[in-house]
Amino acid sequence: MKQRKVLIACKIFAQELEAALPPDKDIEIIWIDAALHADLQKLEEELQRVLTAEQSKGVDIRILFGSGCHPDMCRLARRYGAGLAPVKNCIEAFCGEKTRQLEENRTMIMTPGWVRAWPNIMRALGWDDVDTRINFGIYDRILLLEPGLDPLTEEEILTFFDLTQVPIELESLDLGQFRETLARVLC
């Protein structure tokens, strides 16, 4: 009998993962809130809670987080016998080798999921608008990678620009690289 697969995934991937998974893929997805990146202790506690629960069921556990999302991500995956996405972060999962080139010239790369999650991340960090502007002040631009699944509205883009005060450029995102990342973590 084939062992059931469980994918523990950052909620930042929600729309892209639903679009990229083959319809016949028999896998349960357990979502972890993206705002937990702002509190590494809470992120680790939530990952350990979910990993412990799933390990006790004897399922094949896979993790769709980057190794750079938590300093102990690789150790956590090994301890629970879980497969880990072979990427540093979500942007690398989407862009692969092209990530470094896109990040050149003081560029912050985001997806619609990050823009929409930002209010929760701000709350988790205890930031207000001024804190956000200060922390985004090191960037000359925000490159918004848009896969076209649920595009940000003009109002959402303008609101995010008003918050960060950093120019936003849009670039189409093909999910081919993300599908390759998924294939590697799920194999």
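The values are calculated or read from the model by the stated rules, or taken from the named source; none is laboratory data. For clarity, every value in this text was computed on a predicted model and none was experimentally measured. In this analysis, Cβ positions are derived from the backbone assuming ideal geometry, glycine residues included, and neighbour counts consider all displayed protein chains. Quick note on the areas: whole protein, heavy atoms, side chains included, nothing else; ligands and nucleic acids left out. Shrake-Rupley method; radii C 1.70, N 1.55, O 1.52, S 1.80 Å.
Please give the per residue volume of the convex hull enclosing the alpha carbon atoms of the stretch 61-120, rounded to a whole number of Å³.
So the per-residue hull volume is 108 Å³.
Bins of 5 Å, beginning at zero and ending with the bin holding the largest distance: percent of Cα pairs per bin for the stretch 1-101, please.
Histogramming the stretch 1-101 at 5 Å steps yields 2, 12, 24, 25, 20, 11, 4, 1, 0 percent.
Keeping all protein chains in place, calculate the accessible area per residue for the stretch 1-113 (probe 1.4 angstrom), answer in Å².
Value returned for the stretch 1-113: 51 Å² of accessible area per residue.
Can you tell me what share of the DSSP beta bridges in the stretch 32-187 is antiparallel? A percent to the nearest 5 is fine.
In the stretch 32-187, approximately 0 percent of DSSP beta bridges are antiparallel ones.
Going highest first, how would you order 174-180, 95-101 by mean Cβ packing within 10 Å?
So the order, starting with the most tightly packed, is 174-180, 95-101.
May I ask you to give the solvent-accessible area per residue for the stretch 117-187, in square angstrom, as obtained with a 1.4 angstrom probe?
Averaged over the residues of the stretch 117-187, the accessible area is 57 Å².
Would you work out the charge dipole size for the stretch 29-187 about its Cα centre, treating the Cβ of every Lys and Arg as +1 and the Cβ of every Asp and Glu as -1, and quote it to the nearest 20 debye?
860 debye
How would 140, 39 rank on accessible area, largest to smallest, probe 1.4 Å?
Highest to lowest solvent-accessible surface, that is 140, 39.
Determine the order of 108, 73 by accessible area, beginning with the largest, at a probe radius of 1.4 Å.
Sorted descending by solvent-accessible area, the residues read 108, 73.
Heavy atoms only, probe 1.4 Å: what % of the accessible area of the stretch 49-187 goes to carbon and sulfur, would you let me know?
Ligands and nucleic acids excluded, carbon and sulfur reach 50 percent.
Give the separation of the Cα centroids, the stretch 31-62 to the stretch 158-187, in Å.
When both Cα centres are located, 23 Å separates them.
Write down Rg/Rh for the chain, rounded to two decimals, with Rg from the C-alpha atoms and Rh from the Kirkwood relation over Cα pairs.
Using Cα coordinates only, the ratio equals 0.97.
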